[in-house]
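Notes for the one structure printed next.
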Amino acid sequence: MPKHFDLSIHTEKKRPNCHLNVKSIRGPRRKKYLCKVSFVNRLKQRWNVEKAWMVWVILLVFALTGFTVMYLKKFVKPYLGEDWWVDVVYYVLILPVYNVLLLTYGFCLGQFRYFWNFEKRFFKRIVDSFK
């Protein structure tokens, strides 16, 4: 096969740091797959977690918390009314509920330490913004 048809040369030049140990994918598809999931490695470095599965658990916790808040809105909103200020009050009051849910899901899925540190950084930024 001529060199200009070999896709592995091009993918290695574009992203030299995309390497994961995926044994189930073989052949030229393997390098394409590994380069596509390199965002997991970037999140792993940014969030200072040790394993790639921890990144997926953290993403799952954020997703579960967001869906829970959306689900709760269906039940809370009818009692509060339909005025514009109700939405503002809801979003202000949902902040502590969201943080408690984040810690709860993080605890249930084994990532409480990460989310506790996340909450401390989050509230520190809020407090610092008022200074």
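Between 98, 79, which is in a helix (DSSP H, G or I) and touching a residue at least 24 places away in the same chain (Cβ under 8 Å)?
On inspection, the qualifying residue turns out to be 98.
Need the failing condition index for residue 44 against (1) surrounded by 15 or more Cβ atoms within 10 Å (Cβ to Cβ); (2) assigned by TED's automatic domain parsing to the domain that holds residue 124; (3) free of Cβ contacts under 8 Å to residues at least 24 places away in the same chain, just the number.
(2)
Please work out which residue is farthest from the chain's Cα centre (by Cα), limiting yourself to the stretch 57-86 and to residues that are over 20 Å from residue 100 (Cα atoms) and surrounded by 13 or more Cβ atoms within 10 Å (Cβ to Cβ).
Selected residue: 80.
For the condition at pLDDT 90 or above and among the aliphatic types (A, V, I, L, M), what is the one hit in 22, 89, 55, 37?
It is 55.
So which residues in the stretch 98-110 are surrounded by 15 or more Cβ atoms within 10 Å (Cβ to Cβ) and either of a type outside the set (Phe, Trp, Tyr) or in contact with a Cys (Cβ under 7 Å, 6 or more places away or on another chain) (or both), if there are any at all?
99, 101, 102, 103, 104, 106, 109
The values are calculated or read from the model by the stated rules, or taken from the named source; none is laboratory data. Predicted model only: the values in this text are computed from it and were never measured. Cβ atoms come from the backbone with ideal geometry, glycine included; neighbour counts cover every protein chain shown.
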